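The values are calculated or read from the model by the stated rules, or taken from the named source; none is laboratory data. The structure displayed is predicted, hence computed values, not measured ones. Cβ coordinates were reconstructed from backbone atoms using ideal geometry, including for glycine residues, and neighbour counts include every protein chain displayed.
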Ligand code: NAD
């Protein structure tokens, strides 16, 4: 049974950006290299050309960023976050324009582009409010109570180099730069070539929101050369992309002894326990598997279903999947859009064809849909995926999910953990205590109980990121901003120091200090 989803018409209006916009955006890039044409996956047509940056341009971008950062770092954090409050409103006010750009560059459905607007506004709001307390000077108990006054300070690293991926053109391009700037750094940002126009529009909105000139530099060009140069000159590295590239970035940062935050791939599982609300679980599974056509690092690629409810859950899930509206129109009302490129289409096709050739069964989808858009692929559900099939262990990063049946929670946890990755997981049960207990046994950076990915990701006060091969470091929350700082301990010693006082023997001194330590323990001082 491979029912086809409903198809939808192509965009009704030209997708190319007007010349004045392209010229204005090009001027915001530090680039002296040749212009490179960009294409929309919605139709395959050219949308405009942007210049490329040379290695010298990257050096220039760092020089400008370093010059601007000196003064910025001196400002009070409350002043530095003011632009975030204004950016929050601008992103919401200009959302139609942003949604068009995101759709044009990524091919995703408008409702999924809207997630990026929500995310960006949420990050602005969160750090505008919380950065001052996250970065506040903290008192710590001194070595000698009363006599030692210890304080912790968060100093900006300097210039943060960011290499962003293509899958969330707005969110992934700009939201990691915002806490870096709020912490007193400047940023050199290299968005992916497939998402540069959206990134540049977001950068223009930062300018409009009052971010001082020079602090946010943009360079454009390929990953290994221009991306590599951005990371090479950075005082702190922020990379989002595949685990394979992440290992290269980590190795290079290690050699230079620079901090690196790496948000990498996932092979995320959703467990539907026998007491789950199946209506909600089926609705959520459809969203969490097929969001941005599965090109989301935290999307679900493995459905682990308790055997007692497996048939009923699958009936409801497949009913939803086969009714999905796929389309490439710049309009609301579609459940899924296109993949971003021919490479992505090839990868997805290879994973599905490989599984089928080795004995997996297609429960829904399983075909490319060039009749809808050049890189469209049907939402696909596979059963019988086993060891040796590419999609069993590798990240597909497309609209493809495999179904596994288990007979208890232990088997579900073992299967969820049976992967090199550790990014996100989801657990469905009406018993929240059971959900929390299962979550505690799953080795992923986020676990959503009774949601797929949105609950954890959109909780900006709580950090998100990967365990195992899914990365190092966290975005969001206190960890998402303090990672862009060097923590300094300033301890002031008054009166008696740590030397042996005159007239006291070393033995007496050691005895007195040992007594002091016992008293501190008794007093509960830490
Ligand atoms: P990729 O690693 O090939 O590329 C990611 C980005 O890095 C691209 O912009 C690329 O041009 C650039 N790049 C490539 N080689 C580089 C190098 N040597 N130095 C510096 N930059 C380099 O990944 P991809 O396949 O294009 O993107 C999809 C992957 O990204 C998936 O694995 C996905 O899970 C992951 N991802 C993770 C998150 C997260 O938050 N964990 C978010 C989005 C995407």
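Do you know which residues across segment 443-471 are within 11 Å of the ligand (Cβ to nearest atom) and outside any loop (DSSP other than H, G, I, E, B)?
446, 457, 464, 471, listed by residue number.
So which residues in segment 410-442 are crowded, with 18+ Cβ neighbours inside 10 Å, part of a helix (DSSP H, G or I) and in contact with a helix residue (DSSP H, G or I) (Cβ under 6 Å, 6 or more places away or on another chain), if there are any at all?
413, 438
Return only the number of the condition from (1) more than 25 Å from the chain's Cα centre (by Cα); (2) under 18 Å from residue 199 (Cβ atoms); (3) not in a loop (DSSP other than H, G, I, E, B) that residue 112 does not satisfy.
(1)
Does at least one position in segment 349-366 carry a residue that is buried (at least 24 other Cβ atoms within 10 Å of the Cβ), within 16 Å of the ligand (Cβ to nearest atom) and part of a helix (DSSP H, G or I)?
Yes, the conditions are met somewhere in segment 349-366.
Quick grid of which residues meet (1) more than 21 Å from the chain's Cα centre (by Cα); (2) within 16 Å of the ligand (Cβ to nearest atom); (3) in contact (Cβ under 8 Å) with a residue 24 or more places away in the chain; (4) not assigned by TED's automatic domain parsing to the domain that holds residue 444:
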position: 370; (1), (2), (3), (4): yes, no, no, no
position: 382; (1), (2), (3), (4): yes, no, yes, no
position: 385; (1), (2), (3), (4): yes, no, yes, no
position: 398; (1), (2), (3), (4): no, yes, yes, no
position: 404; (1), (2), (3), (4): yes, no, yes, no
position: 407; (1), (2), (3), (4): yes, no, yes, no
position: 410; (1), (2), (3), (4): yes, no, no, no
position: 419; (1), (2), (3), (4): no, yes, yes, no
position: 425; (1), (2), (3), (4): no, yes, yes, no
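Restricting the search to segment 233-244, which residues are in contact with a helix residue (DSSP H, G or I) (Cβ under 7 Å, 6 or more places away or on another chain) and assigned to a helix (DSSP H, G or I)?
233
Checking the structure you have, find out if any residue of segment 279-297 is under 24 Å from residue 386 (Cβ atoms) and surrounded by fewer than 24 Cβ atoms within 10 Å (Cβ to Cβ).
No.
Is it true that residue 84 is assigned by TED's automatic domain parsing to the domain that holds residue 216, touching a residue at least 40 places away in the same chain (Cβ under 8 Å) and within 17 Å of residue 202 (Cβ to Cβ)?
Yes; evaluated as a whole, the condition is true for this residue.
Could you pull out the residue among 321, 348, 328 that is in contact (Cβ under 8 Å) with a residue 24 or more places away in the chain and touching a helix residue (DSSP H, G or I) at 6+ places or on another chain (Cβ under 7 Å)?
Criteria check complete, one pass: 321.
Count, please, the residues in segment 227-253 that happen to be within 10 Å of the ligand (Cβ to nearest atom) and in contact with a strand residue (DSSP E or B) (Cβ under 6 Å, 6 or more places away or on another chain).
8
For residue 183, indicate whether it is more than 9 Å from the ligand (Cβ to nearest atom) and within 30 Å of residue 514 (Cβ to Cβ).
Criteria not met by residue 183.
Mind checking which residues of segment 205-226 are within 14 Å of the ligand (Cβ to nearest atom) and outside any helix (DSSP H, G or I)?
218, 219, 220, 221, 222
State yes or no: is residue 79 within 30 Å of residue 324 (Cβ to Cβ) and either surrounded by fewer than 16 Cβ atoms within 10 Å (Cβ to Cβ) or over 24 Å from the mean Cα position of the chain (by Cα) (or both)?
Against the criterion (within 30 Å of residue 324 (Cβ to Cβ) and either surrounded by fewer than 16 Cβ atoms within 10 Å (Cβ to Cβ) or over 24 Å from the mean Cα position of the chain (by Cα) (or both)), residue 79 does not qualify.
Which condition number does residue 297 fail, the rest of (1) farther than 30 Å from residue 155 by Cα; (2) near the ligand (Cβ under 10 Å from one of its atoms); (3) part of a helix (DSSP H, G or I) being met?
(3) is the only condition that residue 297 fails.
From 466, 503, 471, which residue is outside the structural domain of residue 124 (by TED's automatic domain parsing) and free of Cβ contacts under 8 Å to residues at least 60 places away in the same chain?
503
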